[in-house]
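First the structure, in the form of structure tokens, and then the observations on it.
Every read-out reported here was derived from the displayed coordinates using simple, explicitly stated rules and does not represent laboratory data. From a predicted model like this one, the values you see are computed outputs, not experimental measurements. Quick reminder, even Gly has a Cβ in these numbers, built from the backbone with ideal geometry, and neighbours come from all protein chains shown.
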Amino acid sequence: MIISHKHKFIFFRPGKVAGTSIEIGLSQFLGEDDVITPEMVADKDIDDKVHEDKFQNSKGFDHHSKPAEIKEKVSSTVWDTYTKITACRNPWDTTVSNWYWEQFIASRGGLVDRDFSLKNIRNRFIQGRLAPWKIYQKIQQMLSYKIKTIDYNDFYEYLEKVQNPNHNNNFYFDTDDLYFDEIIRFEHLQEDYDRIFTSLGIPQHILPRTKTKTRKDKRHYSKVYDEHPGTEDIVAEMFKRQITTFDYKFERK
């Protein structure tokens, strides 16, 4: 999540929409008073390249802070006058991406960051990179993976027990209104990113690719649904509002 006073925009970051790439790309052009939330610490199992974590002024914010939460913490002038930007992705594709991400996390015992020692927790808390509630959440998550009450390799079970039917809705919809002024579509990420941010004074540049090693199966998302009959309709019902609002269709390749 980013609040840029220098360029007068707020970027709020849904899950699995290339938010990490967008934040890393933007962070090199922001001012010293801008808010940049802490980023995941990558390792060799996640990425070939470890990107610098340029978090600053982030106390009270999380990298997935919802628009309603941000609105409560900034002035009405900032909220009303800054350009509010987010990103979206075809929900059928997002769901498969989430599924593979959960498998990856489960393979690491519930941890994104392998260095989750008490010393590491203490240092990250002091640095402002880890809020108390986040520590509690991470420990809960770790225990749930270790108990192994869910088979994360089973797509049917994942949809039934894990996938949130409101995934990302809180980043887009404020009852009957939309939270955002501009949206970046994952399907043409670089093009939308350039169009929106160059108009706000960010120099054009190539976005980094991140988390490239967490998903081994790179097939088109439709292959997963073809192998699991009935799941295409389950996801269509779960994400009806996103599919309608952003005019997404199920595609086969």
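List of remarks:
- Rounded, prolate or oblate (a/c below 1.5 giving rounded, otherwise prolate when a/b exceeds b/c) for region 146-253 by Cα gyration tensor: prolate
- Sorted by Cβ neighbour density within 10 Å, fewest at the top, the residues His5, His63, His188: His188, His5, His63
- Sites Glu32 and Ser75 - FRET efficiency at Förster radius 22 Å, r taken between beta-carbons, to 0.05: 0.70
- Percent of C-alpha pairs per 5 Å bin, region 204-253, short to long: 4, 15, 18, 18, 17, 18, 6, 3, 0
- Look at Thr20, Thr77 and count the other Cβ atoms within 10 Å of each Cβ; fewest to most, that gives Thr77, Thr20.
- Fewest-first sequence of Ile105, Ile202, Ile184 by Cβ atoms within 10 Å of each Cβ: Ile105, Ile202, Ile184
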